[in-house]
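Inspection log for the structure reproduced underneath, given as structure tokens.
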Amino acid sequence: MLQLSIIIPTYCEAENLTVLIPRVNHALTDAGLDAEIIVVDDDSPDGTIQVCKELAENFPLRLITRKKERGLSTAVIAGLDAATGDILLVMDADLSHPPEKIPELVSALNQPQTDFVIGSRYIEGGSTDQSWGWFRKWNSRVATWLSRPFTKASDPLAGFFALKRQSFLKSRQILNPVGYKIGLELIVKSRCQNVTEIPIDFADRVAGTSKLSFKEQLRYLKHLKRLFDFKFQNYAYFLQFALIGLTGVFVNLQMLALLSNWMISPIAVALAIWTSMSTNFLLNRNITFSYAKHAPILKQYLRYCGSCLTGAIFNWLTTMVLSRSFQFFEKRILLAAFIGILVGMGFNFLLCRYLVFSKHKPADETTLTDKELRHTE
Ligand SMILES: Nc1nc2c(ncn2[C@@H]2O[C@H](COP(=O)(O)OP(=O)(O)OP(=O)(O)O)[C@@H](O)[C@H]2O)c(=O)[nH]1
Ligand SMILES: [Mg+2]
């Protein structure tokens, strides 16, 4: 089997490729590495395809052109699918990642314990471009910090990384990234525990333009949510459910304040409860349990109302039983009520998770969790 496949996603990188590919090839020859270079291009209009065809005459380059799809992560996955090497390495085309570091990444991955290697800007010896202003530095640091629950690596969002083919195959069926952070997706879904980082000097692109838009950055938040759901399953769902419940308190109080001015209070209270219940339903449907948002909404809404009612009954029962049966709680009615709220919320959550927003097709790759994945292995 081929030792190494290098995957390079491109969109309008004609100018950079003419410099990059010879440099990559030089690094490979120097290190005596048997490798293929796979460029995955999304039908760039700037001549990238033609440049690749010319380069392929002198270098071990294979071009995959995608005519209908766009997107960095899916382009990388297409390249990984087509790769035949034992080690799979991904890098950008814009000369931000030094090709001379490829042999170091490969030999780090050849250590038996290591299952993922990152060309890192943030470990000792690594650096970012001098021109980075405070906003870019801060932006990158915050994004990295948000990935902390998934990995201890200092630069898990880097686009310069390598992994073993077997790690990729382990997660292939459940890869579901949005946006740019395919490296993080692979670390989490392939359950890579031993991540090694090799310091690199990251250079800003000189030719061509960046495709990293603000929209892509927002997609990262969506991607993080998916990873949270995947890794922490019910803990993640419950946290989102509880936070949305908290927003419901504010909606309820706001509504009550608004309505009480021109309505008799029992009706105002009922309307405030109904409003907050409905906003909670919509938020849970679109955020917490977004995997079920394609199911019929009316049926879900009615079930949701039933689930809230059940939660309220359990809340009431718990509070009454505690305050009537235990002397301790007789004088601490608020504590009893608080426990009642928790019990009611617990029941409501379980009903929502498994009945109102149930997963009809658990094999769906978008919702397969870490635990479910282990069961399928
Ligand atoms: N196939 C494909 N490649 C893409 C797409 N978007 C970006 N790329 C490539 O992915 C790599 C990284 O993209 P950049 O635009 O440099 O993004 P970035 O490095 O995060 O941002 P900068 O730091 O501003 O350069 C480059 O090689 C791009 O050509 C896409 O939609 N499809
Ligand atoms: Mg770049």
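The dipole here belongs to region 213-263: it is taken about the Cα centre, uses +1 on the Cβ of Lys and Arg and -1 on the Cβ of Asp and Glu, and is about 260 debye. Taking Cβ atoms as reference points and 15 Å as the exclusive limit, the residues near residue 323 contribute a net charge of +2, counting Lys and Arg as +1 and Asp and Glu as -1. For region 1-80, relative contact order (Cα pairs under 8 Å, six or more residues apart, normalised by length) works out to 39 percent. Starting from the Cα gyration tensor of region 110-161, take the square roots of the eigenvalues, sort them a ≥ b ≥ c, and report rounded, prolate or oblate (rounded when a/c is under 1.5, otherwise prolate if a/b is larger than b/c, else oblate). Here region 110-161 falls in the oblate category. Under the criterion of Cα pairs below 8 Å and six or more residues apart, the relative contact order for the chain equals 14 percent. Taking all protein chains as they are arranged and a probe of 1.4 Å, the heavy atoms of residue 277 leave approximately 40 Å² accessible to solvent. Under unit Cβ charges (Lys, Arg +1; Asp, Glu -1), what dipole magnitude, rounded to 20 debye, does the chain have relative to its Cα centre? It comes to approximately 2200 debye. The local environment of residue 68, defined by Cβ-Cβ distances under 15 Å, has a net charge of -1 under the rule Lys, Arg +1 and Asp, Glu -1. A full extension of the chain between residue 321 and residue 247 corresponds to an added length of 23.8 nm, given 0.36 nm per residue minus the alpha carbon distance. Segment residue 222..residue 169, full-extension length gain: 16.7 nm, with 0.36 nm per residue of separation and the alpha-carbon distance subtracted. The calculated FRET efficiency for residue 305 paired with residue 68, based on their beta-carbon distance and R0 = 51 Å, is about 0.75.
Residue-normalised convex hull volume from the C-alpha trace of region 233-370: 123 Å³ per residue. Using the empirical formula 2.2 N^0.38 Å as the baseline, the Cα radius of gyration of the chain reaches a ratio of 1.25. Solvent-accessible area of residue 15, all protein chains in place: 130 Å² (probe radius 1.4 Å, heavy atoms, ligands and nucleic acids excluded).
Stretching the chain fully between residue 46 and residue 110 yields a gain of 19.3 nm (0.36 nm per residue, less the alpha carbon separation). Using just its DSSP H runs of length 4 or more, each adding -39500 (n - 2.57), the chain gives a mean residue ellipticity at 222 nm of -17000 deg cm²/dmol after division by all residues.
Mean sequence separation of contacting Cα pairs (under 8 Å, at least six apart), scaled by the length of region 4-212, corresponds to a relative contact order of 27 percent. Once the Cβ-Cβ distance of residue 254 and residue 294 is raised to the sixth power relative to R0 = 30 Å, the FRET efficiency obtained is 0.50.
The residues of the chain expose on average 52 square angstrom of accessible surface per residue, using a 1.4 Å probe on protein heavy atoms. By the compact-protein rule of thumb, 2.2 N^0.38 Å, the alpha-carbon radius of gyration of region 4-212 corresponds to a ratio of 0.95. Between 242, 320, 220, the Cα set farthest toward the positive side of the dipole of the chain (charges on each charged residue's Cβ, about the Cα centre) is that of 320. Indicate the gyration tensor shape class of region 162-223 (rounded, prolate or oblate), computed on the Cα atoms with a ≥ b ≥ c the square roots of the eigenvalues: a/c under 1.5 is rounded; otherwise a/b larger than b/c is prolate and the rest oblate. Here region 162-223 falls in the oblate category. The simple spin-label model puts a point 7 Å past each Cα toward its Cβ; for residue 203 and residue 286 those points are separated by 4.5 nm. Determine the alpha carbon to alpha carbon distance for each of 170/215; 137/189; 67/222; 101/164; 68/101; 67/137 and list only those over 23 Å. Over 23 Å Cα-Cα: 170/215; 137/189; 67/222; 68/101; 67/137.
In sequence order, region 273-281 has phi-based couplings of 4, 4, 5, 5, 5, 6, 5, 4, 4 Hz under the Karplus curve 6.51 cos²θ - 1.76 cosθ + 1.60, θ = phi - 60°, and Gly or Pro positions carry x. A simple spin-label model places pseudo-atoms 7 Å from Cα toward Cβ; at residue 2 and residue 139 they are separated by 3.5 nm.
The values are calculated or read from the model by the stated rules, or taken from the named source; none is laboratory data. Given the structure is predicted, the values throughout are model-derived calculations rather than measurements. For neighbour counting, all protein chains shown are included, and Cβ atoms are generated from backbone atoms with ideal geometry for every residue, glycine included. Surface areas here come from the heavy atoms of the whole protein model, side chains and all, with no ligands, DNA or RNA. Shrake-Rupley method; radii C 1.70, N 1.55, O 1.52, S 1.80 Å.
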